[in-house]
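What follows is a single structure, written as structure tokens, with notes after it.
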Amino acid sequence: AVDVTAAEAPAFTGYAVSASEDKTVAVGENAEVKVAVSNSDSTVTAYNAYDLTMTYDTDKLTYVSCTAADENAVVKEDAGTIRVIGFGDDKNLDTPAATLNFTAKGTGEAEVKITSAKVDIGSQAVGSDAPAAFLLDDTTVIKVTGYTVTLGEGLSGESTVAPGADYTFTATDAGNYDYVISATMGGETTTANDNGNGTYTIPGVTGNLVINAAMTPKSYNVTVEGTGAGDVSEKAEKATYKTDYTFKLTKADGCNYTVTVTA
């Protein structure tokens with residue numbers, strides 16, 4: 001009789017690389033993708049040589065920079081392909097081999113994909129005979145939404161807007177306040193058109209919006225009506241929203257008074 005113990009084979013042997021988790025950013029914002037290194041052997045805690053090739057969606061992303069694990073690593077970018085070759089002191093597995101930075105420029109889903117990788121603890125990793133690292137998770141999906149919209153107090157509207165679209169927002173208390181709108185688009189001052197119905201529109205958006213309102217309480221006419229002796233005095237000609245309104249009634253002897261107010 002022979003006893004046989006079977007164990008599940010590991011998914012990979014040796015070094016593996018993986019792209020960082022998916023993320024959502026707005027047009028104009030920064031998107032960071034890290035290439036992490038791991039090893040199937042828990043006793044292996046370091047690496048020092050790597051040769052990575054990544055591709056990215058040039059329609060939706062603009063490549064900005066790459067920070068490699070080694071200061072003297074070679075970084076090459078051409079037509080949507082980035083290659084990073086490095087070799088130096090041992091690096092802990094917690095240190096990403098490469099950190100890519102992009103600026104989002106088009107809406108939709110963009111992929112940053114690791115197409116090939118070599119990682120080792122010796123100098124041969126950058127040579128033709130270096131072993132390929134296992135691609136544990138080779139793709140980061142970056143969902144690019146429209147430009148962000150930041151609205152101040154007394155305003156409401158959508159939190160994003162598509163590039164080139166008109167953006168309309170609402171003054172939430174236009175019945176009681178006079179509004180003066182100030183807005184910036186991509187950091188530059190822009191104009192919000194008053195639609196005359198409590199809404200405003202910024203046409204053809206080309207950058208992130210920051211919109212604020214200076215709100216002045218409205219004032220209302222005061223009319224005094226009545227019969228009989230007496231006089232209302234020491235009153236303002238206007239009553240202002242959410243402000244106490246005070247007046248004085250001078251009474252005549254021998255009269256009873258009933259005072260009513262409508263607003």
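Only one of the listed residues (GLY14, GLY88) is of a type outside the set (A, V, I, L, M, F, W, C), under 16 Å from LEU135 (Cα atoms) and open to solvent by less than 50 Å² (accessible area, probe 1.4 Å). That residue is GLY14. Residues that are in contact with a strand residue (DSSP E or B) (Cβ under 7 Å, 6 or more places away or on another chain), within 30 Å of GLU29 (Cβ to Cβ) and modelled with pLDDT of 95 or more are absent from the range 216-227.
One residue alone among THR189, THR223, THR150, THR170 is assigned to a loop (DSSP other than H, G, I, E, B) and not hydrophobic (A, V, I, L, M, F, W, C), and that residue is THR223. Residues in the range 20-32 that are open to solvent by 10 Å² or more (accessible area, probe 1.4 Å) and not charged (D, E, K, R): 5 in all.
Any idea which of ALA104, ALA73 is surrounded by 17 or more Cβ atoms within 10 Å (Cβ to Cβ), closer than 25 Å to THR148 by Cβ and modelled with pLDDT under 95? After ruling out the rest, the residue left standing is ALA104. Of all residues in the range 177-206, none that is among the acidic types (Asp, Glu) and open to solvent by less than 40 Å² (accessible area, probe 1.4 Å) has its Cβ atom under 9 Å from the Cβ atom of a residue that is assigned to a strand (DSSP E or B) and modelled with pLDDT under 95, 6 or more apart or on another chain. Quick check on this structure: which one of THR45, THR99, THR95 is β-branched (Val, Ile, Thr) and modelled with pLDDT of 95 or more? When all the criteria are applied, what remains is THR99.
The values are calculated or read from the model by the stated rules, or taken from the named source; none is laboratory data. On a predicted model such as this, the values are computed, not experimentally measured, just so you know. Because the Cβ atoms are built from the backbone with ideal geometry, glycine has one as well, and the counts that use them run over all protein chains shown. Only protein heavy atoms, including side chains, enter the accessible area calculation; ligands, DNA and RNA are left aside. Shrake-Rupley method; radii C 1.70, N 1.55, O 1.52, S 1.80 Å.
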